[in-house]
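The structure appears right after this line, and notes come after that.
Taken together, the values in this text are just the output of simple stated rules run on the coordinates, not laboratory data. Note that the coordinates shown come from a computational prediction; the quantities given were computed from them, not determined experimentally. Please note: Cβ atoms are built from the backbone with ideal geometry, for glycine as well, and neighbour counts cover all protein chains shown.
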Amino acid sequence: MTRATLPAALAVAVLLALAPPHAAAQLTRPLSEQELESMRWRSIGPANMGGRVTDVEGLPTPSKTFFVATATGGIWKTTNNGITFRPVFQFERVASMGDVAIAPSDSMIVWAGTGEEDSRNSISPGGGIYKSTDGGLTWTLMGLEATQVIGRIVIHPTDPDIVYVAALGHIWGPNSERGLYRTKDGGQTWELVKFISDRAGFVDIAMRPDDPNTIFASSWERVRGPYFLNSGGPGSALWKSTDGGDTWTEVTGGGFPEAMKGRIGLAISLSDPDVMYALVEAEEEEDGSGGSGLYRSEDGGETWEKVNDANTRPFYYSQVRVDPLDPDRVYWSSTPVQFSNDGGRTAGTTTNDIHVDHHAMWIDPVDPERIIVGNDGGVAISWDRGGNWEYLNAMAIGQFYHVSYNMDVPYRVCGGLQDNGTWCGPSRVRQGEITNYHWATINGGDGFYSAQDPVESNVVFAESQGGNIARIDMATGARTGLRKPSWQEAWRPLQDSIVMLQDEEGNPVSDEAAARIAELQARASADSAALELRYNWSTPFFLSPHDRFTLYVGASRVLKSTNRGEDLVPISPDLTTQDEERIRVSTQTTGGITPDVTGAETHSTIVALAESPLRQGLLFAGTDDGNVWMSPDDGGEWIDLTGRFPGVPPKTWVSRIEPSHFDPDRFYVTFDGHRDDDFTPYVFVTDDGGASFRTIASDLPTGGPDFVHVIREDPFNEHLLFVGTDVGAYVSTDGGGHWQRFMTGLPTVPVHDLEIHPRDRELIAATHGRSIWIVDIQPLEELTDAVADEPVVLFEPKEPIFFGQEPRGGESYGHQFFQRPTPGQGMQIGYRVAEGVGPATDGGPAVQPARGGDAETPRGGGARAGRGGGGAGPGGFAARNRATLTITDAEGTVVRTLTGSARPGIHTFTWNLRGEAPPRPELSPSERRDSAQVAARVEVVVDSLVAEGWDETELRNLTGFFTGGPRPGFFGGGRGGGQAGRDPEAFVERPGERMGGGGRGGFNFGRIRQLASLIRPGASVGSLFRRGGGGGQAPLVDPGTYTFTLKVGEHEVSRTVEVRVPEALATDDSGFEDDEAAWERWLERLLEGG
């Protein structure tokens, strides 16, 4: 994409101009339903990299349906083997999924167990079990909310009311609501048929296909804390029932591991139920036998043989499957999936060349060539038993941790994701829709924070886990890894000095030398201790808002560089509790039976870092063990604020510190206690520079996982606050006195980060499960009590957004793609209609025009109406129920008139800065003659075709192409037509088919060609409806003062606006052709095979 990049001096001037001149008044009443509904979020992807998938379940061939359960992005369904997907579980109060099960006897009954069982450090909790009786389209909560994590659901093969649930229990602490549950009445009641302890739940179940009363289940003792994972314990075991779950016996002996066990995955062969496999995490016996690996039984679990040692990261994988036709063909999850053709004794890897870290696999029981896997990068399908894979990257389920923006036009967003590096893409595109083509990866590993130079837009900073930061030139791809401060650089010269004072045997050459050696050794020890820095898995860093060359990084100490990350030096002491036991466990022994010291648990680190935008060098830092610090002088002095937050338990993770844009003595602090099994939302503010803090959590929900990841203060309205929790976003218009869910269009998803673009005045959400979303918040910034009392309000228009767009893609790709609409370009003018002023309905939003015109835009960047506010086709909406925006110049001449919705709520016009299009030239005498002949011929042809049985309504609709009358809908109408993948809320089951004719279903090009050949045989199609050519491009307005007048019913309001015509628009003749002329040109090319 071609972006407009500001010169350095101009960029600084723009940033200064964006600073709020004064504090805004507040809105003390709650936002109305209509106002919240108007503030609609829009998805911008990306879908390229997918996201973590926890389960895949399908229907056997010949069905093409399967479900995808994601770690934090709900459930998705496809009915065409993954060409298109639709989200079917996205607005419940939980996003984390553990397992999906389809009733074998009734495929319309689908169960969803919430709460991911793959217990990594960024896991989110669930909230019970859900049931669908319509194939997954709607869901009912059926209980088990306190179980928090469900690892497996198994349904009786002939009685769908009998269901078994492996409930693993709380992730971060003990609880009694865990174990193996059973229902015999379809979920109306549940019985706990096997309980182990408040630390051990169940994670897997396998039922013999020939005897549903014989069931195996594995219990797993595991717990996480802020600084450790402990997988394994006395509660981990394999259990068997032969009476449908009434009684249970532990499986012991016969070769099954006797030592301490951890997670166990299970599978029973469909073709030979005596063959079963267990993927076991276990300690080795004293003689070296046993231990972790793949175990096989050939007698229904009586005796076992360890057939393979491979069992990578059991807490994270532990899935095993058997080919339904071949009991010796076995698959088990690992970084790539392992497979074996001889019962596990020898193994290879499949899933090569797709993403790694596999958590889900489904094998078609009828056609085992068809295999679907789920991993940290989404879903892939194989049609030849794993020999080749197709990656299905049309679902935007990316798990972003953080997001950044730059000052390009349009601005670019970058963000880091779980196991998918750092990706960058545009906030909007000029024409068309955002697709995977617009996104690119710039850094690998697990991605977290990023930062973008506000002047040199090609300079981007990105990191992988553990504070490994790189500076990247987006223009050339050149990257520079930033060097962490290390004691090793100073240690070598000290050691050299010591050697010079020793003889060949290493003894001091003199008493003076011995004293000097002792001094040097003490100095080396002190230096190494001072620079033994610890970096969190997600290390915070940022560019100073006062100096774009200054970079701050949070380790266990705050680091600073004044030359873009070079020469980082500590400017603080260790700001953590320096808890030696926590540090030792997190860096040396975490994992449990299978050590998993990857850096994910590294503790006693800085996790929140910020600088005041008002006062340079006023720094704030928060740690993962509960400390909060402030430095008033760029690190010269650090003031400990820990313990000033009433009600927050000690050592609670500091999730964010947000300095105010209005008062240097005000800043906000949020704490996140979920790693200690505390889901309370902790939100505080100080107005006295940290001397005291008061809670502003007020009415944030406390009954679910609404622990807070982030808070942001709006840079234009000090009373407007936003928070992101583990299940969504909230807004307060009164400084935290009252909160409301702010999620129109946004699915239930963890919101890990929020940023507010200061020029475009949009809120950007980095979601951990549904990629990146954006919402326009300018009207909220201006909404006060006084404004809310007005019947009609015209908000301050935004600066016009115009930009070039480079060619990208263009090949035909069918319907297997990701695509989302964006607002495009133009000047956006927001307005508000109070309740009782306009009509309750005015026909709904319009659909997309042929090319970029101007119109009323439904909020959230969805469709745009056609010229003059009309929809597809001739009539548009009834003017009597529409709002009208009249634009006049300084002389009072009407330049443009736009129409929009008059319904209660907040709406937006988009103006392309052009006046009305010039009238079409009159037809010449010969053109008038030809037009009359065509009109007469049309009537004869239509009458004849109707007599032959053609549909008269369809024919009358199509004759508008040749007579200048009404035409059928141009792009199809939302749910009635259009391509799948563009908007999941307007899902189309069979987008490759279009029924002909008119209205909202799209039009039939074949019918048009047939009519054309009958009306004038041998003539070109286009010549039949050319009526003198287009009227030319609408004129660009001159810069100057314009009056915008909004009228809704009897209410009228005006404001004077200084309009600047962007240079990008003044020199660009593309994209603003008169709609009617563009429409005809496009149709002519299409019908003539162009």
(request) Please work out whether segment 678-800 counts as rounded, prolate or oblate from its C-alpha gyration tensor, where a ≥ b ≥ c are the square roots of the eigenvalues and a/c under 1.5 means rounded, while otherwise a/b larger than b/c means prolate and anything else oblate? (result) oblate
(request) Filter the DSSP H helices in the chain by two things, a Kyte-Doolittle mean of at least -0.5 and an axial alpha-carbon span of 24 angstrom or more, and list the hits by number. (result) 511-530, 925-947
(request) Just add up the charged neighbours of residue 419: K/R +1, D/E -1, any other residue whose Cβ is under 11 Å from the Cβ of residue 419. (result) -1
(request) Can you tell me how much longer the chain between residue 302 and residue 107 gets when fully stretched, taken as 0.36 nm per residue apart minus their C-alpha distance, in nm with one decimal? (result) 66.9 nm
(message) Only four residue types carry charge here, +1 at the Cβ of Lys and Arg and -1 at the Cβ of Asp and Glu. Report the dipole size of the chain about the Cα centre in Debye, rounded to the nearest 20.
(response) 3820 debye
(request) Please give the net charge around residue 564, taking every other residue with its beta carbon less than 13 angstrom from that of residue 564, where Lys and Arg add +1 and Asp and Glu add -1. (result) -1
(request) Whole Å is fine, so just give me how far the alpha carbon centre of segment 759-774 lies from that of segment 325-341. (result) 40 Å
(request) Describe numerically, in nm with one decimal, the distance between label points set 7 Å from Cα along Cα→Cβ at residue 547 and at residue 943. (result) 8.7 nm
(request) Note down the Stokes-Einstein diffusion coefficient of segment 337-495 in µm²/s, whole number, using a Kirkwood radius over alpha carbon pairs, 20 °C, and 1.002 mPa s. (result) 115 µm²/s
(request) Mind giving me the FRET efficiency for residue 786 and residue 138? R0 is 30 Å, r the Cβ-Cβ distance, nearest 0.05 is fine. (result) 0.10
(message) I need the calculated FRET efficiency for the pair residue 1010 and residue 811, taking r as the beta carbon distance and R₀ as 41 Å, to the nearest 0.05.
(response) 0.85
(request) When a/c is below 1.5 the answer is rounded, else prolate if a/b is larger than b/c, else oblate, so apply that to the chain with a ≥ b ≥ c taken from the square roots of the Cα gyration tensor eigenvalues. (result) oblate
(message) Ignoring everything except DSSP H segments at least 4 long, calculate the 222 nm mean residue ellipticity for the chain; use -39,500 (n - 2.57) per segment, divide by total residues, nearest 500.
(response) -3500 deg cm²/dmol
(message) I'd like to know how segment 551-639 sits against the 2.2 N^0.38 Å rule of thumb: what's its Cα Rg over that expected value?
(response) 1.23
(message) I'd like the distance separating the alpha-carbon centroids of segment 407-462 and segment 266-322, in whole Å.
(response) 43 Å
(message) Give me the dipole magnitude in Debye, nearest 20, for segment 68-379 about the Cα centre, with unit charges on the beta carbon: positive for Lys and Arg, negative for Asp and Glu.
(response) 1120 debye
(message) If I take every Cα pair under 8 Å that is 6 or more residues apart in the chain, average their sequence separation and divide by the length, what percent do I get for the relative contact order?
(response) 10 percent
(request) Starting from the Cα of residue 198, step 7 Å along the direction of its Cβ; do the same at residue 366; then give the gap between the two resulting points in nm. (result) 4.9 nm
(message) Check which residues have an amide H placed less than 5 Å from residue 89's amide H, if you skip close sequence neighbours.
(response) 75
(request) Kindly write out, for segment 226-240 in residue order, the coupling ³J(HN,Hα) from the Karplus curve 6.51 cos²θ - 1.76 cosθ + 1.60 (θ = phi - 60°), rounded to whole Hz, with x marking Gly and Pro. (result) x, 10, 7, 10, 10, 9, x, x, x, x, 8, 6, 10, 10, 9
(message) So if each residue of separation counts as 0.36 nm, and I subtract the Cα-Cα distance between residue 309 and residue 897, what length gain in nm does that give?
(response) 204.3 nm
(request) Take peptides 699-709, 145-155 and line them up by average Cβ neighbours within 10 Å, highest first, as a rough protection proxy. (result) 145-155, 699-709
(message) Whole angstrom only: what separates the Cα centroid of segment 577-640 from the Cα centroid of segment 147-206?
(response) 38 Å
(message) At R0 = 25 Å, how high is the FRET efficiency between residue 353 and residue 598 if r is their beta carbon distance? Nearest 0.05 is fine.
(response) 0.60
(message) How much length would be gained if the chain were fully extended between residue 513 and residue 932, taking 0.36 nm per residue of separation minus their Cα-Cα distance, in nm to one decimal?
(response) 139.5 nm
(request) Taking 7 Å along the Cα-to-C-beta vector as the label spot, tell me the residue 285-residue 440 distance in nanometres, rounded to one decimal. (result) 5.8 nm
(message) Apply the a/c threshold of 1.5 to the C-alpha gyration tensor of segment 275-331 and tell me whether it is rounded, prolate or oblate.
(response) oblate
